[in-house]
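**Q** Handing you a structure now.
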There are 2 protein chains.
Amino acid sequence: MTMRKICFIIYVFLSAPFIHAEDGYRLWLRYDRIDDPVLLQQYRSQINSINFQGSSPTLTVAKKELLDGLQGLLGKKIIETGSRQNNSIIISKRFPGQSGITVHYDALGNDGFTIFTLDSKKHVTVITANGDAGILYGIFHFLRMMQTHQAISNLRLTSTPRIQNRILDHWDNLNRTVERGYAGASIWNWHLLPGYIDKRYIDYARANASIGINGTVLTNVNANALVLTKDYLLKVKALADVFRNYNIKVYLTARFSAPIDIGGLKTADPLDPAVQNWWNKKVDEIYSYIPDFGGFLVKANSEGQPGPQTYERTHADGANMLADALAPHHGIVMWRAFVYDVRPQKSSENFDSLKMDPSAPTITSADRFKLAYDEFKPLDGKFRKNVVIQVKNGPIDFQPREPLSPLFGSMPKTPLVPEFQITQEYLGQATNLVYEGPLFKECLDADTYGKGKGSTVAKVIDGSLENYSITGIAGVSNIGNERNWTGHPFGQANWYAFGRLAWDYDLSSSQIVDEWARQTFTNDPHVVDAVKKIMLSSREAVVNYMTPLGLHHIMGTGHHYGPAPWVNNAGRPDWNPVYYHRADSVGIGFDRTVTGSNALSQYAVEVRLQWEDLKNCDEKYLLWFHHVPWRYKTRSGRILWDELCYKYYSGVDTVRWMQRIWDGLKAYLDTERFEQVKMLLAIQEKEAVWWRNACLLYFQTFSKLPIPANYERPDHDLEYYKALKFPYAPGIGGNL
Amino acid sequence: MTMRKICFIIYVFLSAPFIHAEDGYRLWLRYDRIDDPVLLQQYRSQINSINFQGSSPTLTVAKKELLDGLQGLLGKKIIETGSRQNNSIIISKRFPGQSGITVHYDALGNDGFTIFTLDSKKHVTVITANGDAGILYGIFHFLRMMQTHQAISNLRLTSTPRIQNRILDHWDNLNRTVERGYAGASIWNWHLLPGYIDKRYIDYARANASIGINGTVLTNVNANALVLTKDYLLKVKALADVFRNYNIKVYLTARFSAPIDIGGLKTADPLDPAVQNWWNKKVDEIYSYIPDFGGFLVKANSEGQPGPQTYERTHADGANMLADALAPHHGIVMWRAFVYDVRPQKSSENFDSLKMDPSAPTITSADRFKLAYDEFKPLDGKFRKNVVIQVKNGPIDFQPREPLSPLFGSMPKTPLVPEFQITQEYLGQATNLVYEGPLFKECLDADTYGKGKGSTVAKVIDGSLENYSITGIAGVSNIGNERNWTGHPFGQANWYAFGRLAWDYDLSSSQIVDEWARQTFTNDPHVVDAVKKIMLSSREAVVNYMTPLGLHHIMGTGHHYGPAPWVNNAGRPDWNPVYYHRADSVGIGFDRTVTGSNALSQYAVEVRLQWEDLKNCDEKYLLWFHHVPWRYKTRSGRILWDELCYKYYSGVDTVRWMQRIWDGLKAYLDTERFEQVKMLLAIQEKEAVWWRNACLLYFQTFSKLPIPANYERPDHDLEYYKALKFPYAPGIGGNL
């Protein structure tokens, strides 16, 4: 950036008021006065007072939220009355009044709510539910309606969540670094807990409650047993005491070796009675501090974490031991299926035997794609009732695009919980604007065919297909202690989208953007439309400039920042990009058909058939499942190499188009956020060009084909890109 | 904290408005409307417009600050006019108008300013200076006068800084951790620079400029050569481009081995022509990006850092090599005197020979107190003109109380720069309210007797004693990316006090508190008085509950959190608390008289004499200089042991008294900051009790005397305190 440019940025920042900058801290809970005068007048005439029944801790914070929200949005004092008044909102559990309207409380469950107009002439609205949680969610819903300028007369709406446990997973370490975190330090200040309650904890809870999130795993899946010691449990208790008011349960990650690490035992064998006893007592202790503790999330025998296999026991043995300790307290175990140790007795073939082109790097390993399925499918039905298996989207990791995991639809006797990654480990981290709504939806809408057509992942996980008694959904948090929580202002949208989809996966990506943009920026349709255009294009853009046509896992080693398709010396074969793209003089892509790893055989036959034949395979997944010759003619008529070039260049073009659209919003937005996003989009454009150039120059060494003449030339050679080093890239090794 | 208590805190937090919380981000630059209606009316009638001459980058931001400040404080639009008007402020360099007032521009220098009333009837005020910087500082001064409700009529004031280079040292690492940082991550987001300019950089510059700080060392003294590579220098340049507008120069720490680390050389020998050439070229490169680069800060041959002694060269050889590279560009070298390697040929005696009580732990090392002096005193006069020696306050480290360093007053031919530690490494870190004004003043006011009575440290460092051509003062920053910058809201006061004293060391601690409290909280005298009482007692309190009567360096090893006087197994003898307190069956304290290490001999005779005789020695420094028997009768009439108990208990009592005073402010302060400080004071009280109990129980094992009966009993035994472990205490090893 030139000095002139920086001076310019200073001046434009300074043109914003110093007093109350738009620093993003308020997220989507802004409650500024309605800026449409007609609508403001209308709302004001409809609401003078509230009549609020009940005074539990949750209802107290809910009432406060409603009063503050209404007073902010309407710019007037709202009175609390003890009796029914005209122009009022009545908040009451199991509303006892004569309304002429039947509320089906049985269908509302614990969290659902109904909002209805009791008297449209006198402007009396009722928010009702079975319990405190439903009231809390109903209030946030009502406020959102006003924030997004919806009509609030003649209401008759009911909303219940599709999934019971809607959970954020924090990969936060006890030293306040965050694995794959790109927004500063962890918001959990363990050192100051339990004595110091940061106001941020309350605002975190408010934000989660406003979108229906009702659980939080505080600690990293790469776990530290210390969090299970008394000192730390008292800190956890202090957070739980805050979050309980917002209907949010606290969970912890359980390090499987904790009985050894902090318990003084010699073993953590799950079948050892002393180990079982240790966990039983530990769990009792936890519940003595936190009576509504949610349970454990466990990463076992994966990437160096200890687990039951260390003792020749199965994942079921390990999960069941913890489940038995938690069951008396109604806690659950969320056991991760993200394992990819090669277990010779289980993996069905080895890649040594695959015929590879002599120009390709040597690869020896089973297909990592298949290992979770191989490990867990045989265990279906062997888990306790309070165990759920948490399955990453997708089968490899959280790539820009993956096909669905073959586990969905394959474990009818075991509740499966999908794990989405909100933090953008593989999606440009905190500098790239990538809206993940379409990514989440792609997975949720994917058909497993587990019980025939229409057996979508959503229907698997909401329990409707298999009648699960526990349902859940998890998102790996993108939250840190930066002023705006997520680093990139648009990162907030991914937190928001996760919560909203966890509540109702039938919401469209576009509806969610609409809500979020209105609450976060403005209801001005010019802005909403532009933001929607940008956001809805952004995921396909990142796929195109990073990993088009089914490429995957070709990013920098370790920090995962930037492209590095050439890496072939990582600690395991399946940590190498070359393992995944398999480019050679013949072509590119991972043959997972019967002629290759046959990973496709793990899917239902209908799924397999749609991808197995190169000719029919959706080109989104082409190189996920096929090793395709460079001159293979794709559906566009272009040969594969040209299509690859086309995709990479169009990814960059989309980012530039996003920049132009954003620039057009200058007059409509506050200076601070406008400039912030503008700078980040400029970085994103540079990074997209970097990805495109580095990948194409590298793949060109195999294809030996030219980048078509009509495209701009790479501005560096391949050696330049290969030489780039980023020792302090954030999110790994203590880097922030 | 009980659940009830946490619920309570949630409710009180929620009673504050959501919209614009008092999150502390605005520091002392608040510009809220004057809340005294009479004064507001008066100010309003005096100021309608400004007449601002000049449009350089610095003047542009200064004008913006003035307009925003006035408009905020007065709650009305201020007009900018091109001609002189009634009720206006004229801002003009070397004011050319007929004023009847003579401004002595020659005495103002670069940074000084004059503010005077040109016409008291027509309310015309002039802010003038020689250049942009003076105008900037004059504007901040004028705004401060209004923020603190001072009269702005009949003005005739001039202010010039006593010291040229007023510098913050950031111990910030390239991975965004901060050594001895207790306020989250580094505010420098290296990964996003240079493309992303965080608004925080601008607000940081504004805050510094408002108190006269004009330099910032961006990187840790435990240095990383990578910051000197082109990629990082372009990031540094982006920051320099921001800070230049606020008259702030950027400095870097230079890792002495950089020619090897990043230059590909085999040596970093300062007399090697290839090494000299490398540094010359590197410095030229830096100035090609940053024409006003300030220079280097260097920690060499200290605590593992490389340095010239690695090559059998002196500190002067090392410093002069860098100085020669910087001289053509007018850059300076700040070379730290914080060295304590035992160099047998130089240290005058060894403690092996000291007769120690058999009950005392074995100690073998020279007196670390003496090593900096031993090393640097002989080099006086051997440094280039653009080298300054940066001397810690005090001779050991940044303890709650240290006597002055004997280097002050002993190096007449070498400009000395004092290094204060604003971050509270040894002062309770971010949980203890400790106002450092009195600590800084104690050092600045200390008499070195270098040129006879009145040769204070302040007069040494401002150059008035020895006519230095370069003067400077450095403070180790307490800033991080927490919303309120410093973690503890009162940490802001230490940043503020450092800047104000760097500008004018004659300001009293009390005056500075007065200013800061009015700007930060309110001008309500009830609050100002109470805050002043708390703050002015706080430093003596921390001395008492941590290290009374001259005890020092008895904190926990590594993280320096909490008491650990028992530690005797650290990596070097002089890292052990037992090395410093030397408690044994006879008594306690470090004999630094002629019968001991004779460190006192390093001072001027007048200084030595005031401390050498046990009977006359100020008891503040008693155990710094004497090994004193347990039953020695102190001036209070109490024996030493009882006096030690008295001091420890009174330290805790003061904290409790601070809590009571703070509680009385509830009705006068915003909820958010009131509750925040209240929680932190409760933690401070716990930690003070912990220090007191742990230290007394431990020292009691030597004194064998009882804690007097009228005191509350320790609530744990010594073993409990010794067993406490804090693996994730912040500020070290990547912990945040």
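The values are calculated or read from the model by the stated rules, or taken from the named source; none is laboratory data. Here the structure is a predicted model, which means the values were calculated and not measured. Ideal geometry is used to build each Cβ from the backbone, glycine not excepted, and the neighbour counts take in all protein chains shown. Remember, those area values only see protein heavy atoms, side chains included, never the ligands or the DNA or RNA. Shrake-Rupley method; radii C 1.70, N 1.55, O 1.52, S 1.80 Å.
**Q** What spacing in nm lies between the two simple spin-label points modelled at residue B:303 and residue A:667, each 7 Å away from Cα in the Cβ direction?
**A** Label at residue B:303, label at residue A:667, 5.6 nm between them.
**Q** Percent antiparallel among DSSP beta bridges with both residues in the protein assembly as shown, to the nearest 5? Each step should come with its number before you reach the end.
**A** Numbers: 32 of 116 bridges.
About 30 percent, rounded to the nearest 5.
**Q** How would A:314, B:423 line up by accessible area, probe 1.4 Å, largest first? Write down the numbers at each step before the final one.
**A** Details: A:314 55, B:423 5 Å².
Largest accessible area first, the list is A:314, B:423.
**Q** So, in Å, what gap is there between the alpha-carbon centers of segment A:239-263 and segment B:412-437?
**A** 39 Å
**Q** Right, another one. Compute the accessible area per residue over chain A, keeping the other protein chains in place, probe 1.4 Å, unit Å².
**A** Details: 24280 Å² over 736 residues.
It amounts to 33 Å² per residue over chain A.
**Q** While we're here: Measuring from a point 7 Å out along Cα→Cβ, what nm distances, shortest first, does residue A:79 have to its partners in the other copies?
**A** Copy-to-copy label distances for residue A:79: 4.5 nm.
**Q** Viscosity 0.692 mPa s, temperature 37 °C: give me the Stokes-Einstein translational D for the protein assembly as shown in µm²/s, with Rh taken as the Kirkwood radius over C-alpha pairs.
**A** Details: Rh = 34.8 Å.
Answer from the Stokes-Einstein relation: 94 µm²/s.
**Q** Considering only DSSP states other than H, G, I, E and B, which trypsin sites (Lys or Arg not before Pro) in segment A:225-327 qualify as loop sites with at most 16 other Cβ atoms within 10 Å? Don't jump to the answer; show the numbers that get you there.
**A** Values: sites: A:230, A:235, A:237, A:244, A:249, A:255, A:266, A:281, A:282, A:299, A:313; in loops: A:255, A:266, A:299, A:313.
Answer in residue order: A:266.
**Q** Say a paramagnetic label sat at a point 7 Å from the Cα of residue A:36, along Cα to Cβ; which residues of segment A:502-544 have their backbone N under 15 Å from it?
**A** Taking a point 7 Å out along Cα→Cβ of residue A:36, the residues of segment A:502-544 whose backbone N falls under 15 Å are A:514-529.
**Q** Ok, one more. Show me the helices of chain B, taken as full DSSP H stretches, that run 18 Å or more along their long axis by Cα and average -0.5 or above in Kyte-Doolittle hydropathy.
**A** On the way: long enough: B:57-74 (25 Å, 0.37); B:132-147 (22 Å, 0.69); B:230-243 (19 Å, 0.44); B:273-289 (24 Å, -1.02); B:491-503 (19 Å, -0.26); B:525-546 (31 Å, 0.28); B:640-663 (34 Å, -0.58); B:671-703 (47 Å, -0.12).
Those that clear 18 Å and a mean of -0.5 are B:57-74, B:132-147, B:230-243, B:491-503, B:525-546, B:671-703.
**Q** Another question, if that's okay. Starting from the Cα of residue B:285, step 7 Å along the direction of its Cβ; do the same at residue B:122; then give the gap between the two resulting points in nm.
**A** In this crude spin-label approximation the distance works out to 5.8 nm.
**Q** Could you put A:210, A:469, A:83 in order of accessible surface area, largest first, with the 1.4 Å probe and the full protein assembly present?
**A** On the way: A:210 10, A:469 80, A:83 55 Å².
From most exposed to least exposed: A:469, A:83, A:210.
**Q** Sorted by accessible area (1.4 Å probe), largest first, how do B:666, B:678, B:385 line up? If you can, show how the numbers build up before the last one.
**A** Working: B:666 105, B:678 70, B:385 170 Å².
Result of the area sort, largest leading: B:385, B:666, B:678.
**Q** Along Cα→Cβ at 7 Å, what distances in nm separate the residue A:381 label point from those on the other copies, shortest first?
**A** Reported distances to equivalent positions: 9.5 nm.
**Q** Hey, another quick one. Can you spot the aspartates and glutamates whose alpha carbon is less than 16 Å from residue A:237's alpha carbon? Ignore those fewer than 8 places along the same chain.
**A** Result set, ordered by chain and number: A:198, A:284, A:285, A:292.
**Q** Starting from 0.36 nm per residue, how many nanometres of slack lie between residue A:8 and residue A:445 once their C-alpha separation is accounted for? All intermediate terms of the calculation are to be shown ahead of the outcome.
**A** On the way: separation 437, 0.36 × 437 = 157.32 nm, distance 4.59 nm.
Here the answer is 152.7 nm.
**Q** Residues in segment A:716-736 near a label at residue B:229, defined as backbone nitrogen under 18 Å from the 7 Å Cα→Cβ point?
**A** From segment A:716-736, the list is A:717-736.
**Q** Does segment B:461-567 come out rounded, prolate or oblate by the C-alpha gyration tensor, with a ≥ b ≥ c the root eigenvalues, rounded set by a/c under 1.5 and, if not, prolate when a/b is larger than b/c and oblate if not?
**A** Values: a/c = 1.62, a/b = 1.11, b/c = 1.46.
In terms of gyration-tensor shape, oblate.
**Q** Follow-up question, since we're still on this one. Taking a ≥ b ≥ c as the square roots of the Cα gyration tensor eigenvalues, with a/c under 1.5 meaning rounded and otherwise prolate when a/b beats b/c, else oblate, which class fits chain B?
**A** Values: a/c = 1.73, a/b = 1.25, b/c = 1.39.
Here chain B falls in the oblate category.
**Q** Quickly work out the residue A:385-to-residue A:94 label distance, labels modelled 7 Å from Cα along the C-beta direction, and quote it in nm with one decimal.
**A** 2.5 nm
**Q** Using a probe of 1.4 angstrom, how much of the accessible area of the protein assembly as shown is carbon and sulfur, in percent?
**A** On the way: 24390 of 48600 Å².
About 50 percent, which is the carbon plus sulfur part of the accessible surface.
**Q** While we're here: Report the charge-dipole magnitude of the protein assembly as shown in Debye, nearest 20, computed about the Cα centre from +1 at each Lys and Arg Cβ and -1 at each Asp and Glu Cβ.
**A** Details: 160 positive and 152 negative charges, 410 e Å.
Roughly 1960 debye, rounded to the nearest 20.
**Q** Another question, then. Note down the magnitude of the dipole of segment B:367-468 about its Cα centre, charges +1 on Lys and Arg C-beta and -1 on Asp and Glu C-beta and zero elsewhere, to the nearest 20 debye. Walk me through the intermediate numbers first.
**A** Values: 13 positive and 14 negative charges, 89 e Å.
Dipole of segment B:367-468, to the nearest 20 debye: 420 debye.
**Q** A further question on this structure: What whole number of Å gives the distance from the Cα centroid of segment A:625-650 to the Cα centroid of segment B:646-687?
**A** One Cα centre to the other: 69 Å.
**Q** Let me ask something else about it. Return the FRET efficiency for the residue pair residue B:710, residue B:619: r is the Cβ-Cβ distance, R0 is 35 Å, and the value is rounded to the nearest 0.05.
**A** 0.95
**Q** If you don't mind, another one. Using only the Cα atoms of segment A:358-443, build the gyration tensor, take square roots of its eigenvalues as a ≥ b ≥ c, and label the shape rounded, prolate or oblate: rounded if a/c is under 1.5, else prolate if a/b is larger than b/c, else oblate.
**A** Numbers: a/c = 2.67, a/b = 1.21, b/c = 2.21.
Oblate is the answer for segment A:358-443, as a/c is 1.5 or above yet b/c matches or exceeds a/b.
**Q** Sticking with this structure for a sec: How far apart are the residue A:609 label points across copies, placing each 7 Å from Cα toward Cβ, in nm, shortest first?
**A** 10.7
**Q** Oh, and also: From the cross-link list B:299/B:382; A:199/B:647; A:441/A:666, which pairs have alpha carbons spaced over 24 Å apart? Working shown, then result.
**A** Details: B:299/B:382 18 Å; A:199/B:647 35 Å; A:441/A:666 31 Å.
Check vs 24 Å cut-off fails for A:199/B:647; A:441/A:666.
**Q** Here's another thing I want to ask about it. To the nearest 0.05, how large is the calculated FRET efficiency for residue A:467 and residue A:150 if R₀ is 45 Å and r is the Cβ-Cβ distance? Don't skip to the answer; put the middle values down first.
**A** Values: r = 35 Å, r/R0 = 0.78.
After rounding, the FRET efficiency stands at 0.80.
**Q** Set the Förster distance to 60 Å, then compute FRET efficiency between residue B:504 and residue A:605 from the Cβ-Cβ distance, nearest 0.05. The partial results should precede the final answer.
**A** Numbers: r = 83 Å, r/R0 = 1.38.
Efficiency at R0 = 60 Å is approximately 0.10.
**Q** With each run of n ≥ 4 DSSP H residues scored as -39500 (n - 2.57), what mean residue ellipticity at 222 nm is computed for the protein assembly as shown after dividing by its residue count and rounding to the nearest 500 deg cm²/dmol? Before the final figure, lay out the partial values.
**A** On the way: 44 runs with 539 residues, N = 1472.
Mean residue ellipticity at 222 nm (helix-derived): -11500 deg cm²/dmol.
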